[in-house]
Amino acid sequence: VNTNGNRRVGVWVIGARGSIGAAAAASHWLIERGGTPMTGLVTESLPFRGVDLLQWNGLLFGGCDVVDTPLIDKIRAHIDEGILPRSFPVDAKVLRAIDSRITNLAGAGGGSATPAMTALAAVRQAIRSFREDNGLERVIVVNCSSTLAQSAEERSISKSPSWPRMLARLPRLRSIPWGIVYAAAALEEQCAFINFTPNSGTDLPALADLARRQGMPHAGRDGKTGETLVKSVLAPLFSARAMHVLAWQGYNMLGNGDGHALSDPGARALKIKSKDQQLRAILGQNGDLHTQVSIDYVPSLGDWKTAWDFIHFEGFLGVRMAMQFTWQGCDTVLATPLILDLVRLVELAWRRGESGELRHLCSFFKSPIGCEEHDFRKQLDHLYNHLGAPHSSTM
Ligand SMILES: NC(=O)c1ccc[n+]([C@@H]2O[C@H](COP(=O)([O-])OP(=O)(O)OC[C@H]3O[C@@H](n4cnc5c(N)ncnc54)[C@H](O)[C@@H]3O)[C@@H](O)[C@H]2O)c1
């Protein structure tokens, strides 16, 4: 077991003052202090015993955002809303220390003639300062920022086949393609990269190319935490029993910052695309499968996302049946431990000399990079096999 007690690995969270970003940094401190139940943390579960994961005190959190909300306010709001328990210790000194490692990048690129290049330089500088100021050996960059609609310019540059081609086009953009800028800055600075958002990242050929050139590991895209997770467990049941799914309708309501961001039609389209693609891959049906996912912003629900799914299917002799489920999850609580798990798993891969897309982490994502497998059980087998972890039924 790794006994690294020094804080050598930095975690630079993009969107560090957001719901997940704040909860991840604060709960990492709580875990490090000890005595916290490890429920929900995959890397603390039985199959990972004996895997050489970094100890919690080897990590140091920092990051960036475009707002200045002090972490203490965010954590108090989380406690008031029941996202964090009443017993969660609010240590002002600790939270101020994390605050001091979060850069506000709201002005990056603003008013500049080549805003994307200015933003890229500013992000690179912020990552470099984080590493140097804190004497860090390595930095893992995790994108937890808001889902942003893609501009036509971003869609067009996304098709660039290589990093040099994309880089040549960046100075001509009038707006900042934040997902691209963050991934590129991380890789240029020799950092591993995790994209927990549906925004563009190392799933783009040019950025995967940059990761290869830099020899950096990366994983994404869009964390699989709720309705999509249930679907990836449930859908294999229908194919295993040779039943024919006619329709799978999903309706999601959420009221947090993410829900607000997704009330923008462009951002919502990106999320829906990410949520909808797995069913056809698992069910192996073509043509006649009707699926639809919709998302509505319902402010009163706060972080408690409610998803209702309706599945219409055919059994023996074409007899039609239906099943429905309702998922009511606290989005931040579902996502936060996955950030901590992913950081440890990416760190391990990096330490083992692995680079490029980390396919074995596919179970964590809705749109796993470089992996066509969406069946959750098979995805988990892939993870256990890769790590040499003993198989264990965790489902
Ligand atoms: N909670 C889940 O279960 C879940 C699952 C999968 C994916 N995600 C994704 O994780 C992301 C974060 O979710 P959240 O609930 O913490 O959202 P949030 O709205 O609470 O936080 C997002 C943060 O990003 C910041 N931000 C916006 N634009 C930025 C930029 N250009 N640079 C840096 N920071 C920027 C915002 O100021 C905010 O602090 C979203 O993209 C969401 O879709 C969440």
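The values are calculated or read from the model by the stated rules, or taken from the named source; none is laboratory data. Computed from a prediction, not measured in an experiment: that's the story for all the values here. No Cβ is skipped: glycine too gets one built from the backbone with ideal geometry, and neighbour counts run over all protein chains shown.
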> Is at least one residue of the range 44-59 crowded, with 20+ Cβ neighbours inside 10 Å, at positive phi and more than 22 Å from the chain's Cα centre (by Cα)?
Replying inline: no
> What number goes with the only condition from (1) of a type in the set (Ser, Thr, Tyr); (2) closer than 30 Å to ALA184 by Cβ; (3) at pLDDT below 95 that THR336 does not pass?
Replying inline: (3)
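The rows are residues; the columns are (1) of a type outside the set (A, V, I, L, M, F, W, C); (2) in a helix (DSSP H, G or I); (3) surrounded by 15 or more Cβ atoms within 10 Å (Cβ to Cβ).
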site: ALA16; (1), (2), (3): no, no, yes
site: ARG86; (1), (2), (3): yes, no, no
site: ILE98; (1), (2), (3): no, yes, yes
site: THR103; (1), (2), (3): yes, no, yes
>> When you scan the range 333-353, do you find a residue that is outside any helix (DSSP H, G or I), more than 16 Å from the ligand (Cβ to nearest atom) and at positive phi, even just one?
In response: yes
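Give the range 26-67 a look and list any residue that's of a type in the set (A, V, I, L, M, F, W, C), away from the ligand (no atom under 16 Å from the Cβ) and either farther than 19 Å from LEU338 by Cβ or not in a helix (DSSP H, G or I) (or both), or say none.
Of the residues in the range 26-67, the ones of a type in the set (A, V, I, L, M, F, W, C) are 26, 29-31, 38, 41-42, 46, 48, 51, 53-54, 56, 59-61, 64, 66-67.
Then drop every residue that is not away from the ligand (no atom under 16 Å from the Cβ), which leaves 29-31, 38, 46, 48, 51, 53-54, 56, 59-60.
Within the range 26-67, MET38, VAL51, LEU53, LEU54, LEU59, LEU60 qualify.
When the range 116-146 is examined, which residues are found to be assigned to a loop (DSSP other than H, G, I, E, B), within 16 Å of the ligand (Cβ to nearest atom) and surrounded by fewer than 20 Cβ atoms within 10 Å (Cβ to Cβ)? Spell out the reasoning first.
The initial filter retains those residues of the range 116-146 that are assigned to a loop (DSSP other than H, G, I, E, B), namely 134-137, 144-146.
Filter again for within 16 Å of the ligand (Cβ to nearest atom), leaving 144-146.
Listed by number, the list holds a single entry, SER146.
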>> What are the pairs with Cβ atoms under 9 angstrom where one residue, in the range 169-197, is closer than 30 Å to ASP331 by Cβ and within 14 Å of the ligand (Cβ to nearest atom) and the other, located anywhere, is of a type in the set (Ser, Thr, Tyr) and assigned to a helix (DSSP H, G or I)? Sequence gap at least six, or different chains.
In response: ILE176/THR118; PRO177/SER158; ILE180/SER158; ASN195/TYR182
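Residues are listed down the side, and each one gets a yes or a no for (1) assigned to a helix (DSSP H, G or I); (2) within 19 Å of SER19 (Cβ to Cβ); (3) not charged (D, E, K, R):
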position	(1), (2), (3)
LEU229	yes, yes, yes
ASP258	yes, yes, no
TRP308	no, no, yes
THR326	no, no, yes
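Return the total of residues in the range 270-298 being within 13 Å of the ligand (Cβ to nearest atom) and outside any strand (DSSP E or B).
Let us first name the residues in the range 270-298 that are within 13 Å of the ligand (Cβ to nearest atom), namely 270-275, 295, 297.
Filter once more, keeping what is outside any strand (DSSP E or B): 270-275.
Of the residues in the range 270-298, 6 are within 13 Å of the ligand (Cβ to nearest atom) and outside any strand (DSSP E or B).
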